[in-house]
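As structure tokens, the structure follows; a few thoughts come after it.
Only the coordinates and a few stated rules stand behind these numbers; no lab work does. Since this is a predicted model, take the numbers as computed values, not measurements. Heads up, the Cβs are rebuilt from the backbone with ideal geometry, glycines too, and the neighbour counts pull from every protein chain shown.
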Amino acid sequence: MSASKANPRPDSEGVSPQAAEFFEKQATSTAPLRRFLYRKAFLGRRQQVLDAGCGTGVISAELSRATGAKVTGLDSDAAMVEFAARAVPGAEFVNARVEDMPFGDESFDAVVCHFFLLWVTDPRQAFSEMVRVLEPGGVLVACAEPDYGGLVEYPENPVFSRGRIEGMTAMGADPFIGRKLDALFNSAGLRTKSGVSATLMHGSRLARDLDIEKEMLERELSSAMSPDEAASALAKEAEQRRSGKVVTVPIFWAIGFK
């Protein structure tokens with residue numbers, strides 16, 4: 001998932017070590033892409049930056065280092081916000097939904113999100129709010145949004161792959177958000193640059209990722225199939241990864257200037 005994947009986004013009573021490690025791994029996997037996007041968005045010049053859907057604050061911390069701006073993180077999961085506030089003391093964190101943000105008009109000169117829009121219930125309302133809080137000349141950056149419709153894997157594990165897509169959908173996510181990114185930016189009236197990236201995942205890295213992602217994968221699969229079916233699909237995936245499986249998922253990005 002996260003650069004692949006879907007994030008462990010559903011509200012929780014706490015942030016498990018596995019979830020925290022997942023966000024760290026996800027951020028590491030897309031770090032080169034973000035550096036490219038930060039340059040194109042002139043983030044180094046920004047003074048007030050919002051990290052929408054901040055999760056554990058991994059990207060918020062990076063934004064603080066990369067820009068020197070005042071960084072605000074926002075997430076609907078109170079446990080994530082509490083975790084981020086402890087992890088990134090130099091930033092401010094707010095527990096709220098991006099569809100209804102408690103900020104005044106034109107409060108920020110940059111809004112950034114990362115593997116977040118696939119979990120947004122109403123993307124058009126979210127975009128309306130993100131544009132509202134942007135000042136004229138501000139920039140909205142969607143660093144990475146996956147599209148599981150473009151999944152390539154060998155050997156194939158269709159029960160597992162289909163179960164993930166169905167599970168994410170059942171949990172309220174949009175596994176095909178990547179292909180919609182450009183249209184969403186344009187419909188929000190932004191001058192948009194967009195593109196797609198893909199990283200080949202294979203070998204020992206892919207096998208290690210399964211251990212980090214197991215908690216999230218079990219949640220996704222259990223939303224789409226019986227416990228026995230989920231266990232069987234996950235066991236087959238683990239065996240394939242140990243044997244040298246290859247996987248890639250297209251990751252879409254977009255930059256919009258107001």
In sequence order, what are the phi-derived ³J(HN,Hα) couplings for the stretch 27-39 according to the Karplus relation 6.51 cos²θ - 1.76 cosθ + 1.60 with θ = phi - 60°, rounded to whole Hz, with x for glycine and proline?
-> 5, 5, 5, 10, 4, x, 5, 5, 4, 4, 5, 4, 5
Please provide three numbers in whole Å: the alpha-carbon extents of the chain along the principal axes, with the largest listed first.
-> 51, 35, 30
Would you be so kind as to identify which of G137, Q240, A27 lies farthest towards the positive end of the dipole of the chain, taking Lys and Arg as +1 and Asp and Glu as -1 on Cβ and the Cα centre as origin?
-> G137
Give me T169, T56 ranked fewest to most by other Cβ atoms within 10 Å of their Cβ, as a rough exposure proxy.
-> T169, T56
What is the gain in length, in nm to one decimal, between S194 and D122 on full extension, counting 0.36 nm per residue of separation less the C-alpha to C-alpha distance?
-> 23.8 nm
Would you work out the relative contact order for the chain, in percent, from Cα pairs under 8 angstrom that are 6 or more residues apart?
-> 22 percent
Distance in Å, no decimals, from the C-alpha centre of the stretch 138-183 to the one of the stretch 191-258 is 9 Å
Per-q log10 I(q)/I(0), the stretch 25-132, q = 0.09, 0.21, 0.23 Å⁻¹ (Debye; single scatterer per alpha-carbon; no solvent) = -0.20, -1.20, -1.43
Helix 123-132 versus the longest principal axis of the chain: what angle, 0 to 90°, nearest 10, using Cα atoms?
-> 30 degrees
In this structure, among K214/K258; K70/K245; K180/K245, pairs with alpha-carbon gaps over 31 Å are K214/K258; K70/K245
Phi-derived 3J(HN,Hα) across the stretch 93-108 with the Karplus relation (6.51, -1.76, 1.60, θ = phi - 60°), rounded Hz, x for Gly and Pro, is 10, 10, 8, 6, 8, 5, 6, 8, 7, x, 10, x, 4, 6, 7, 10
Under the 7 Å Cα-to-Cβ spin-label approximation, F103 and R65 lie apart by a distance in nanometres of 2.2 nm
May I ask you to order 41-47, 194-200 by the average number of other C-beta atoms within 10 Å around their residues, highest value first?
-> 41-47, 194-200
Take K245, K193 and order them by how many other Cβ atoms sit within 10 Å, fewest up front.
-> K193, K245
Would you please put 203-213, 140-150 in order of how densely packed they are, using the mean number of other Cβ atoms within 10 angstrom per residue and starting with the highest?
-> 140-150, 203-213
